[in-house]
Every structure is written in C-alpha cells, then in structure tokens.
Amino acid sequence: MRLSLAVLAVAAVISVGAVVAVAAPGSVGRTLSPQGGAAAAVYCPKGLVKQLQSTVSGYRKRMVADRSRYFRTHHSAKQRAAFARLQTQQLAALQKKLKKCS
C-alpha cells in the first residue's frame, strides 16, 4: 500500500512538472539558471544608469590614449598583450555592470 502511494505521489509530481514545461518552456530553464529569481535582482538608484553609461563611454574614449602611452614605455609584446587583455576585461566588466542595472 505504501509503495503504491509513493509511486502515485512521484507520478503526480512528474505530471505537474511536465505540464509546466509544456505550458511555459522557457520558465524551467530560467528558474534553474544562476541568474534566475530574486537573487539576480539589482536595485539601481536614480541616476546610476546614467553614471554607468558615462563611465563606459569615458573608458572607451580613453582606451586608445592609455594604450599608446603604455606602449611607448613597454616594448615587450607579452606585456603589451597583457595590458590590452586587461583593458578589454575592464571594459567587459563595466558593460556587464551597466547591463545588470538597465
């Protein structure tokens, strides 16, 4: 008797999951992702988006000048590549922060 009750309960859970998966297929994947739910919600105070946008655009404008200044004093290809990679990573981090807030 207990075994049949347990099987019935598992079948009910699976059928509810199947109904949800069919009704809203994208919701199952988003719920299971690390970005899903309230954990990823970001509160952005008024004016922060504008500030982040100006930070990203200012950094982009400054990248070329910073790179040429660095390249004048560092002639190693390895150091130059590391600096360029660091700049790209910094820009990506700023853009990611802006994207989370928008």
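Which count do you get for residues in the range 45-72 that are part of a helix (DSSP H, G or I), charged (D, E, K, R) and without any contact (Cβ under 8 Å) to a residue 12 or more places away in the chain? Number satisfying all stated conditions: 5.
Of the residues that sit in the range 58-73 and are open to solvent by 60 Å² or more (accessible area, probe 1.4 Å) and not basic (Lys, Arg), which one is farthest from the chain's Cα centre (by Cα)?
Our first condition is that a residue be open to solvent by 60 Å² or more (accessible area, probe 1.4 Å); within the range 58-73, this holds for 60-62, 64, 67, 69, 72-73.
From what is left, the residues that are not basic (Lys, Arg) are 64, 73.
Details: VAL64: 26, THR73: 35 Å.
Out of the qualifying residues, it is THR73.
Under the condition of being open to solvent by less than 70 Å² (accessible area, probe 1.4 Å) and part of a helix (DSSP H, G or I), the residues counted in the range 74-94 number 9.
The values are calculated or read from the model by the stated rules, or taken from the named source; none is laboratory data. Everything quoted here is computed from the prediction, not taken from an experiment. Please note: Cβ atoms are built from the backbone with ideal geometry, for glycine as well, and neighbour counts cover all protein chains shown. For accessibility, only protein heavy atoms count, side chains too; no ligands or nucleic acids. Shrake-Rupley method; radii C 1.70, N 1.55, O 1.52, S 1.80 Å.
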